Every structure is written in structure tokens, then in C-alpha cells.
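The structure appears right after this line, and notes come after that.
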Amino acid sequence: MDRIRIRGGATLRGTIAISGAKNAALPLMAASLLTDQPLVLANIPGLVDIKTMADLLAAHGVAVSGPSDGELTLTADTITNTTADYELVRRMRASVLVLGPLLARFGRARVSLPGGCAIGTRPVDLHLAGLQAMGADIDIVDGYVEAQVSGGLTGAKIPLAKVSVGATENLMMAAALADGETVLENAATEPEIVDLGQCLGVMGADLEGLGTSRIVIRGQSTLGGGRHTVLPDRIEAGTFAMAAAATGGEVTLAGIGLDVLGATAGVMEQAGVELAATDAGILVRRPGPLLAVDVATAPYPGFATDMQAQLMALMATADGTSVITETIFENRFMHVPELQRMGADILVDGNRAEVTGVKALKGAQVMATDLRASVSLVVAGLIAQGETMVNRVYHLDRGYERLVEKLAACGADIARVGA
């Protein structure tokens with residue numbers, strides 16, 4: 001199994017091209033099930049999760065071409081199977097996003113429950129309750145969601161009990177083919193939700209309220225194909241911005257606007273990092289010391305839980321003590337013991353971590369536990385004295401395209417090595 005070796009101390013300087021957003025690409029791929037016409041997606045990142053979703057769609061009968069030069073063509077004109085097997089779904093929770101499109105177009109779907117997750121429970125009850133409100137009959141049988149509807153889904157008013165990105169996406173797609181109007185209240189407002197809605201609009205869906213907590217979808221009898229470009233990955237951009245700031249470097253994040261970073265940009269500016277919009281993208285530099293900041297994760301437009309681990313690595317050498325509160329997932333501090341192995345001063349009390357900056361981290365053997373925890377260890381390794389070896393890096397392949405190559409091109413002493 002590969003590992004990533006990092007010799008810390010190099011200052012990052014250069015330009016990093018930001019890839020398409022994984023969290024946007026996966027629901028967009030699922031949306032191909034809504035039509036028998038080709039859906040062409042550009043700016044698709046080369047990630048393991050993209051391949052997993054492509055394999056799942058192919059198992060349903062979708063013709064998958066690519067990705068080639070970042071472009072993927074999906075044609076669901078002949079669906080041979082409406083079951084999403086456990087062996088595929090267990091590899092990636094986003095696989096549950098095929099449920100709404102399959103049910104809406106074919107009147108039936110059988111999708112394995114995605115099971116547990118290292119960072120905490122992520123139930124699909126909101127997905128199921130919404131589909132039931134639209135007329136679906138749903139049973140849980142032997143670990144599978146078995147859903148069917150006679151005569152098609154019907155539009156409904158659906159107040160989500162809590163903000164859920166996945167439920168919002170699944171219900172948006174299902175409602176696009178439902179009979180009548182569906183109103184999603186307390187909907188997620190993430191840029192990836194807007195991106196999905198814009199793609200559905202290209203396919204002929206009628207939506208309004210994208211980017212707000214109230215989304216209205218007027219169902220169509222059929223949808224067509226189209227072409228859509230995936231928005232840039234704000235989590236990848238935020239990660240590289242924090243890596244540049246941690247090393248005291250100066251990096252241009254190409255292909256993304258400052259507005260897309262959202263709350264991450266504000267938090268970094270509080271920490272003494274400068275971010276400036278340029279014609280190429282975002283210029284990131286840290287002219288002075290890092291300053292401790294207090295942050296609580298929250299649904300968009302709040303500070304993203306997917307940036308929490310990276311921020312903790314950044315704060316590990318900041319001046320002062322920062323308090324990081326995790327409100328989204330109950331088990332998302334698994335990177336803390338690994339950062340402590342590198343000399344970080346972190347005290348955890350429930351969902352609250354108190355990080356007191358130290359003069360320097362030290363390289364060590366560390367173990368990745370999930371995607372964002374993995375990359376936080378890479379950020380820590382970039383500033384640590386000596387050599388850091390990050391094990392179980394297959395997590396990184398799920399969400400970061402060419403991570404090692406991008407960092408090395410900016411001067412990092414980093415390499416992927418065999419076990």
C-alpha cells in the first residue's frame with residue numbers, strides 16, 4: 001500500500017490549478033439517470049469516487065464514456081437494472097443519490113443502505129421521508145431500501161427536519177420528473193446544490209430558489225440531455241490555501257473565484273492570511289505570523305466541516321490558542337491523535353478542540369483515518385521538522401486529484417512511495 005513521504009520546511013510558491021468539485025460531480029453523474037439522452041459533464045476530476053460512481057451507473061446499464069481530458073459522457077437510454085448493490089454502495093455513501101432518479105423515472109429502485117461512516121452516522125431518513133411524501137412506498141428489507149411508486153411521483157411540500165445536502169440533491173432530482181410542484185423547505189444552500197440545479201435546468205427542469213433554503217421544482221414529463229461544466233472544488237482550494245498559509249508561501253489558486261471559498265476565506269483572513277482575487281484565480285499569501293482563531297463548523301454558508309481538519313493543522317503552529325467546535329459529525333476529530341504524534345498541543349472535550357500553537361511540529365509516522373483527516377496530516381507534514389510518512393493514503397485518492405504532483409510543483413519535498 002502506497003504512502004506519502006514529506007520532508008517539511010519548504011515554502012510553497014507557484015500556481016495550483018483547482019480541479020472540478022467532487023461533491024458536485026457525483027450528484028451530477030446520478031442525474032444522468034433522469035434522461036435517455038446523453039449528459040456531458042466537463043471539468044470532471046480524476047478521482048476514485050468518480051470511478052466508483054461510474055461503475056455503479058454502468059451496473060445500472062448507463063453507457064459511460066470517459067473521463068477523457070476531464071470530460072465524461074453518460075447515456076442512460078437502456079437501463080437494465082434498478083438495484084444498487086451493497087458491494088458498490090458501501091464504497092461511497094454518495095451512491096444513495098441514484099435512489100431518487102431511478103424511482104422518478106422507472107417507478108422502482110432497490111438501493112443498499114450505505115452503512116456506517118468513519119466520521120459519524122449519516123442516515124438517509126430524510127431522503128426516504130421526502131420520497132414518501134411524494135407518494136413512494138418504501139420498505140427496508142435485508143439492508144436494502146426497496147422503493148416503488150405506481151403512476152409516478154407527485155409533487156409535495158417537503159419541510160426537511162434538518163439541513164441535508166444529500167437529501168436536498170436526491171429530492172431535487174426526483175422532483176424534476178414528478179407530477180406537479182415540489183417545494184423543499186430548509187433545503188441545503190451549498191454551491192454544489194446550485195450547480196446541480198443549473199445542470200437540471202439545462203436538461204429542461206423548472207427550478208427556482210437555488211441558493212436559498214426554499215427550492216421550488218415544477219416537474220416535467222421528460223428531461224433531455226445537455227452539457228454542463230462542474231464548478232471548481234472549494235474544499236480542494238481551501239486545503240491548498242491553508243497549505244500555502246502554513247508554510248508562509250505565496251500561491252495562486254487558478255480557476256476559482258474568491259467568492260466560492262465562502263466562510264473559509266473569512267476565517268483565514270482572521271488568521272492573518274491575505275487572499276486576493278486576480279484574473280487567474282485567488283492569490284494566497286501570509287505576510288506575518290499566524291493568529292489563532294475560534295471556529296464552529298456549520299451548514300453552508302458557515303464554515304465547512306470538510307475544512308475543519310485542515311484548519312486544525314494550520315492552527316497547530318499559530319500564535320495563541322484556538323477553539324474549534326465540530327457541530328456536524330460526532331466523530332470528526334480522529335486526526336487529533338496523529339497531529340499530537342507530531343507535537344501538536346490539542347485538548348479535546350466532546351465536540352470541542354482547544355489548539356495551542358507550538359513553535360514547530362516534528363515529522364512522524366502517522367495514519368490517515370478519512371479523507372479530510374488525511375490531507376490535514378499532509379498540511380502538518382509540510383511544516384514539520386524532519387520526515388513525515390502518511391500511511392493509508394487511499395483516502396486521499398477519493399477526493400484530491402494529483403495532490404502530490406500539485407504540491408511538488410510548488411516546491412514541496414513530497415513523494416508517493418511504496419510500502
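The values are calculated or read from the model by the stated rules, or taken from the named source; none is laboratory data. Just so it is clear, the structure is predicted and the values come from calculations on it, not from any experiment. Neighbour counts are summed over all protein chains in view; Cβ atoms, including those assigned to glycine, are modelled from backbone coordinates with ideal geometry. Surface areas here come from the heavy atoms of the whole protein model, side chains and all, with no ligands, DNA or RNA. Shrake-Rupley method; radii C 1.70, N 1.55, O 1.52, S 1.80 Å.
Some points to look at:
- Ranked from largest to smallest solvent-accessible area, with a 1.4 Å probe on the protein heavy atoms, 195, 345, 137 come out as 137, 345, 195.
- Of the residues 82, 57, 38, the one whose Cα sits farthest toward the positive end of the charge dipole of the chain, with +1 on the Cβ of Lys and Arg and -1 on the Cβ of Asp and Glu, is 57.
- Taking the charge dipole of the stretch 186-320 about its Cα centre, with +1 at Lys and Arg Cβ atoms and -1 at Asp and Glu Cβ atoms, the residue from 260, 289, 311 reaching farthest to the positive side is 260.
- Rounded to the nearest 20, the size of the Cβ-charge dipole of the stretch 69-115 about its Cα centre is 360 debye, with Lys and Arg at +1 and Asp and Glu at -1.
- Proximal lysines relative to residue 22, as straight alpha-carbon distance under 19 Å, when same-chain residues fewer than 8 apart are discounted: 51, 406
- Charge dipole (debye, nearest 20) of the stretch 1-113; +1 at Cβ of Lys and Arg, -1 at Cβ of Asp and Glu: 600
- Dividing the convex hull volume of the alpha-carbon atoms in the stretch 368-419 by its residue count gives 77 Å³ per residue.
- Kirkwood-type radius of the chain, with distances r between different C-alpha atoms, in Å: 21.9
- With the convex hull constructed from alpha-carbon coordinates only, the stretch 226-281 shows a mean projected area of 4.2 nm² over all directions.
- Only protein atoms count toward the accessible area here, which uses a 1.4 Å probe; on the chain, the carbon and sulfur part of that area reaches 47 percent.
- Accessible area (Å², 1.4 Å probe, nearest 10) - residue 164: 20
- Kirkwood Rh in Å, taken over all unlike Cα pairs in the stretch 28-123: 13.5
- Rounded accessible area per residue of the chain, 1.4 Å, Å²: 37
- Here the contact order of the chain, divided by its residue count and restricted to Cα pairs under 8 Å and six or more residues apart, works out to 21 percent.
- Put a plus charge on the Cβ of each Lys and Arg, a minus charge on the Cβ of each Asp and Glu, and nothing anywhere else: the dipole of the stretch 359-419 about its Cα centre is then about 140 debye.
- Dipole orientation for the chain: of the candidates 395, 24, 141, 395 has the Cα lying most toward the positive pole (charges on Cβ; Lys, Arg +1; Asp, Glu -1).
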